[in-house]
Protein chains: 2
Amino acid sequence: MAGTNLVGPEVDALELGVVLRALADGHRRSVMTELAADRTDSERGCNSFDLPISKQTQTHHFRILREAGLIDEIDYGNRKGIRLRRTDVESRFPGLLALLEAEHQDGTAPR
Amino acid sequence: MAGTNLVGPEVDALELGVVLRALADGHRRSVMTELAADRTDSERGCNSFDLPISKQTQTHHFRILREAGLIDEIDYGNRKGIRLRRTDVESRFPGLLALLEAEHQDGTAPR
DNA sequence: ACTGAGGTACGATGCAAGACGTACCTGAAG
DNA sequence: CTTCAGGTACGTCTTGCATCGTACCTCAGT
């Protein structure tokens, strides 16, 4: 019930290269643009993004985003929560989330 | 002598996905961090970056950067000039160059 | 205890992209 | 004109990565 937070890198350990490679994929970027546009920063289920890919591939993508330090993954055992690490990302890479948020306005077309 | 400017996308046609994929590679990113850090925006020769790769591969990488709209390539026939499209990039993706410039401080280690 | 939905682990596959060899072009210098 | 350095075009090889199939785990509900 409590949900264990899966480990990601510390704020100081965030690397631009890893982040940019994570954002290079259209599916991952569409997730990030949605998260960046939602200022409430509420925890979301991972199938609330309705990505047109299998669940194994979704697991893969969310792992990449977590290991890049962009999101937190909260493991509830049989389900998983996603939350944007807004303050961490903003402090390490100021302006990055604004770019993603701006992209969210342009329509939902990925890639 | 005049040098023809190789074509790149217009300012309005710049796409975040293409740009981020271009910046995902360590070699291309090291070029961009150098360019972003140089506020004079002077034209540079392409072997002034001393990339540890063959010249064919360098041609490939500079093409990617040009097609992403990040740089201009000026063709002099037997040599080539590189110039950052600072105003275009800054107007379309404000803050992006600042992120790259900040990365340039952290040392020259790519990837 | 059984079932079903959500998620992960592992392996295999297919494709895009980075890298380079060879050959060729261009212009400057001799 | 010849030479040579810088750059490109094309083909090839190889690596990385997105994707999925199969199998298994976890919890909630019945």
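The values are calculated or read from the model by the stated rules, or taken from the named source; none is laboratory data. Quantities reported herein were computed from a predicted structural model and do not represent experimental measurements. Heads up, the Cβs are rebuilt from the backbone with ideal geometry, glycines too, and the neighbour counts pull from every protein chain shown. SASA here: full protein model, heavy atoms, side chains in, ligands and nucleic acids out. Shrake-Rupley method; radii C 1.70, N 1.55, O 1.52, S 1.80 Å.
To make sure I understand the rule: partners must be lysines, Cα under 30 Å from the Cα of B:LYS55, and not fewer than 8 residues away in the same chain. Which ones qualify?
Answer for B:LYS55, where 30 Å is the Cα cut-off: B:LYS80, listed by chain and number.
Counting only other chains, and only Cβ atoms inside 10 Å, what mean value do you get across the residues of B:97-103?
Numbers: counts 1, 4, 9, 2, 0, 5, 5.
So the per-residue partner count for this stretch is 4.
Compute, for the protein assembly as shown, the length of the dipole vector about the Cα centre, with Cβ point charges of +1 (Lys, Arg) and -1 (Asp, Glu) only. Units Debye, rounded to 20. Kindly include the intermediate steps, with their values, before the conclusion.
On the way: 30 positive and 36 negative charges, 123 e Å.
Approximately 580 debye in magnitude.
Just need the relative contact order of chain B here, percent rounded to a whole number, with Cα pairs under 8 Å and 6+ apart. Please report the intermediate quantities before stating the final value.
Details: 136 pairs, mean separation 44.8, N = 111.
Taking the mean separation of contacting Cα pairs over the length of chain B, I get 40 percent.
Using a loss threshold of 40 Å², tell me which positions in region A:19-48 are less accessible in the complex than in their chain alone. Probe radius 1.4 Å, ligands and nucleic acids ignored.
Correct list: A:LEU20, A:ARG21, A:ALA24, A:ARG29.
So, with +1 on the Cβ of K and R and -1 on the Cβ of D and E, and no other charges, what is the size of the charge dipole of chain A about its Cα centre, to the nearest 20 debye? Before the final figure, lay out each step's value.
Numbers: 15 positive and 18 negative charges, 69 e Å.
Value, rounded to 20: 340 debye.
Counting only Cβ atoms, what residue of chain A lies nearest to the axis that sends chain A onto chain B, and how many whole Å off?
Here the nearest residue and distance are A:GLY95, 1.
Pick out which of B:GLU90, B:GLU101, B:GLU34 has the largest mean-square fluctuation in a Gaussian network model of chain B, springs linking Cα atoms closer than 10 Å.
B:GLU90
Taking a label point 7 Å out from Cα toward Cβ, give me the nm distances from B:ALA98 to the same spot in the other copies, shortest first, one decimal.
0.5
Relative to the present Cα-Cα distance, how much length would full extension add between A:GLU90 and A:GLU15 at 0.36 nm per residue of separation? Let's see the in-between values first.
On the way: separation 75, 0.36 × 75 = 27.00 nm, distance 1.31 nm.
Residue separation times 0.36 nm, minus the Cα-Cα distance, leaves 25.7 nm.
Pop a pseudo-label 7 angstrom from the Cα along the beta-carbon direction at both A:ASP75 and A:ALA102 and give the gap in nm to one decimal.
3.8
Can you tell me the length gained on complete extension of the stretch A:THR4 to A:THR59, counting 0.36 nm per residue apart and subtracting the Cα distance? Before the final figure, lay out the partial values.
Numbers: separation 55, 0.36 × 55 = 19.80 nm, distance 1.64 nm.
Contour length minus the Cα-Cα distance gives 18.2 nm.
When a/c is below 1.5 the answer is rounded, else prolate if a/b is larger than b/c, else oblate, so apply that to region A:4-105 with a ≥ b ≥ c taken from the square roots of the Cα gyration tensor eigenvalues. If you can, show how the numbers build up before the last one.
Values: a/c = 1.43, a/b = 1.21, b/c = 1.18.
Since a/c stays below 1.5, the shape of region A:4-105 is classed as rounded.
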